[in-house]
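To keep things clear, I will list the structure first and then write my remarks on it.
The values are calculated or read from the model by the stated rules, or taken from the named source; none is laboratory data. Treat the numbers as computed from the prediction; the structure is a model and nothing was measured. Quick reminder, even Gly has a Cβ in these numbers, built from the backbone with ideal geometry, and neighbours come from all protein chains shown. These accessible areas exclude ligands, DNA and RNA; they are computed on the full protein's heavy atoms, side chains included. Shrake-Rupley method; radii C 1.70, N 1.55, O 1.52, S 1.80 Å.
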Amino acid sequence: MCANSGLLNLGVRSPDAFKHLLILLMTYACAEGSADLREDSPGTSGSMARAPTLCVLLLSALSPVLTVTEDVNVLVFVPLNDSFLFSYARVAPALRYAQERLRADGSPFSGLRFHVHFGDSDCVNAALFSLVERSCAHRPDLILGPVCEYEAAAVVRLASHWGVPVISAGALATGFGAKDGEYSQLTRIAPSYVKMAQTFTAMFAHFSWRSALLVFEDDKHERNCFFTLEGVYHLMGEHSIRTVSVSTEEPLNVDELLQNIYDTEVVIMCMAADKIREVMLAAHRRQLTNGGCMFFNVELFNASSYGNGSWRRGDEHDDEARQAFAALNTVTLLRTVKPEFQSFSIEMTKSVQQSRLYDCQDCGNVNVFVEGFHDAMLLYAIALHEAMKNGYSKSNGTEVTARMWNRTFEGIAGQVSVDVNGDREGDFSLMSMTDREAGTYEVVANYFGVNGSLQLLPAFDPEHFTLRERHKTRADTPNKSCGLGVSAITGVVVGAILGVLMLIASYFFRKNYRITIERRTSGEDSGKHRQLREDSIRSNFSAA
């Protein structure tokens, strides 16, 4: 068992509680003194008459000590491996920047002294093992991260059992939205995948789309694309939704994939940039990009894989790819133009360059993870300051966590709103190719999560988002069964042959791809969850 401080013998569990007890005693004494004075005669001396005023002054002097001055131990879980967008080299400068802001003269949080310690996160189990080692004397007051879903799940469960607040710029999967149990201490400072999916539900409602095919690349390890499109699936139970899982270890079978596109209105993809390009080239050659189907790509974090030039590879297919990508739209995070954020970006870029982070294509941009870790420090400071003003200690993690939820504050990139469930509201942008000759993209619409509004910008082209060719194509398709004059027996034979061919095609199709057509029915969640790996996030998307 962990040893407690000597104050425990006095019934006081921490220095903060001791200060609080002292204030309560002084308050009681002052109240008693005031009552005694009221009972005294009118001839009471001036010094005694001033006693209540002195009590007020003493209490006012003690209160700031309780509410502002505090040492806070912060444990940050980030990978040392710089291949991650949330590696130590990227995140550490943002936390230092946040600490400097909090310590600035005149800041109401200048008395909060944050002692930041870093733990390696390998997106597997390293963070959990490190946290267990600190389970006694070195238990932190606040945990930032991990970002990766499976690792975050284990850490948050343990921290919630301890009552230690966790703020993550990741853990974006749908399952983390269940805060009434094992994830009760989790606050998500970056918009979750469900928040992103609201962009699609808004577009489906605006354009009256009814069906969608979700195509995701699944590596069976971090499963980023799986969790990304799970958020879309989670919100679109009223629509006809099918899912296609593409293996990262096998070549992409485009022909089989395109067979599923003919019968859907909207295709939403989350795959590597090269595979997106391969699909769009094949769809263009099949004339599926002429307005009969909408194509979307979800890319929230890495700006280098979408937008201007994402179709270009320097090969003989570049011109054709540029034409194909005219039909591809990208959903990404809305970027800010706040002047303070520009200064922050410059400082982060300098810090990364000084750390000699080579071969870094994204280092010119501050991604949502870096921004999130910065804002996490600020959010915790606001909540702790407020909790201590109301007589609570930092050790009451549940109270501090509750004060981080259902509030809005000014983050480094602009206003940050955390909903009643402890999840950040998200603002997202829709990008489309507006110059087909140059192949350049720009933002044509924005979705604002706080009020659920879809804002169409001047560059928005309504014709581009109209399924103008779908019914026309079907109407123009000749009916090859008319005028054959075959007999009933011939019809039976032809039908049998077609049935056999369909069975053969289905066999090879299922051999190469696992296509799951899922309908929401009661009681299916638990069965699907059992098929996920042992430490998985609660999911109702598809079998792993």
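Only one of these is open to solvent by 30 Å² or more (accessible area, probe 1.4 Å) and either among the β-branched types (Val, Ile, Thr) or part of a helix (DSSP H, G or I) (or both): ARG157, ARG139. Name it. Step by step, each of ARG157, ARG139 is checked, and only ARG157 is open to solvent by 30 Å² or more (accessible area, probe 1.4 Å) and either among the β-branched types (Val, Ile, Thr) or part of a helix (DSSP H, G or I) (or both). Do the conditions hold for VAL132, that is, is it among the β-branched types (Val, Ile, Thr) and over 20 Å from GLY170 (Cβ atoms)? Yes, satisfied. State yes or no: is SER135 among the hydroxyl-bearing types (Ser, Thr, Tyr) and more than 25 Å from the chain's Cα centre (by Cα)? Yes. Quick check: is even one residue across region 416-424 modelled with pLDDT of 95 or more and hydroxyl-bearing (Ser, Thr, Tyr)? Within region 416-424 (the criterion being modelled with pLDDT of 95 or more and hydroxyl-bearing (Ser, Thr, Tyr)), the answer is yes, since at least one residue qualifies. If the condition is being assigned to a strand (DSSP E or B), out of contact with any Ser or Thr (no Cβ under 8 Å at 6 or more places or on another chain) and more than 16 Å from TYR380 (Cβ to Cβ), then region 407-431 contributes only ASP427. Only one entry in ALA98, ALA89, ALA171 is buried (at least 22 other Cβ atoms within 10 Å of the Cβ), in a helix (DSSP H, G or I) and of a type outside the set (Ser, Thr, Tyr), namely ALA98. With respect to the stated conditions, THR289 fails to be of a type in the set (S, T, N, Q) and in a strand (DSSP E or B).
Residues checked against (1) out of contact with any strand residue (DSSP E or B) (no Cβ under 9 Å at 6 or more places or on another chain); (2) open to solvent by 20 Å² or more (accessible area, probe 1.4 Å); (3) over 20 Å from PHE301 (Cα atoms):
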site: LEU334; (1), (2), (3): no, yes, no
site: SER355; (1), (2), (3): yes, yes, yes
site: VAL368; (1), (2), (3): no, no, no
site: PHE373; (1), (2), (3): no, no, no
site: TYR380; (1), (2), (3): no, no, yes
site: ARG403; (1), (2), (3): yes, yes, yes
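Note on region 382-399: among residues that are part of a helix (DSSP H, G or I) and charged (D, E, K, R), the one that is surrounded by the fewest Cβ atoms within 10 Å (Cβ to Cβ) is LYS389. For first residues located in region 373-392 and within 16 Å of SER107 (Cα to Cα), partners that are in a loop (DSSP other than H, G, I, E, B) and open to solvent by 10 Å² or more (accessible area, probe 1.4 Å) and lie 6+ apart or on another chain with Cβ distances below 7 Å form the pairs ALA381/PHE109; ALA383/ARG403; LEU384/LYS394; HIS385/PRO108; HIS385/PHE109; GLU386/ARG403. I want to confirm something. Restricting to region 106-136 and keeping residues that are within 18 Å of ALA152 (Cβ to Cβ) and of a type in the set (Val, Ile, Thr), which single residue is least open to solvent (accessible area, probe 1.4 Å)? Checking each candidate, the answer is VAL124. Residues considered: LEU66, LEU75. Of these, the only one that is at pLDDT below 55 and crowded, with 17+ Cβ neighbours inside 10 Å is LEU66.
Just one of the numbered conditions (1) open to solvent by 10 Å² or more (accessible area, probe 1.4 Å); (2) among the polar types (S, T, N, Q); (3) touching a residue at least 24 places away in the same chain (Cβ under 8 Å) is not true of GLN287: (3). Among the residues of region 169-193, the ones that are touching a residue at least 60 places away in the same chain (Cβ under 8 Å) and either closer than 30 Å to ALA445 by Cβ or among the aliphatic types (A, V, I, L, M) (or both) come to 15 in all.
Kindly provide the set of residues from region 241-256 that are out of contact with any Asp or Glu (no Cβ under 6 Å at 6 or more places or on another chain) and open to solvent by 50 Å² or more (accessible area, probe 1.4 Å), ordered by number. Correct list: GLU249, GLU250, PRO251, ASP255. If you filter region 328-345 down to residues that are more than 16 Å from PHE428 (Cβ to Cβ) and of a type in the set (D, E, K, R), you find that the one that is modelled with the highest pLDDT is GLU340.
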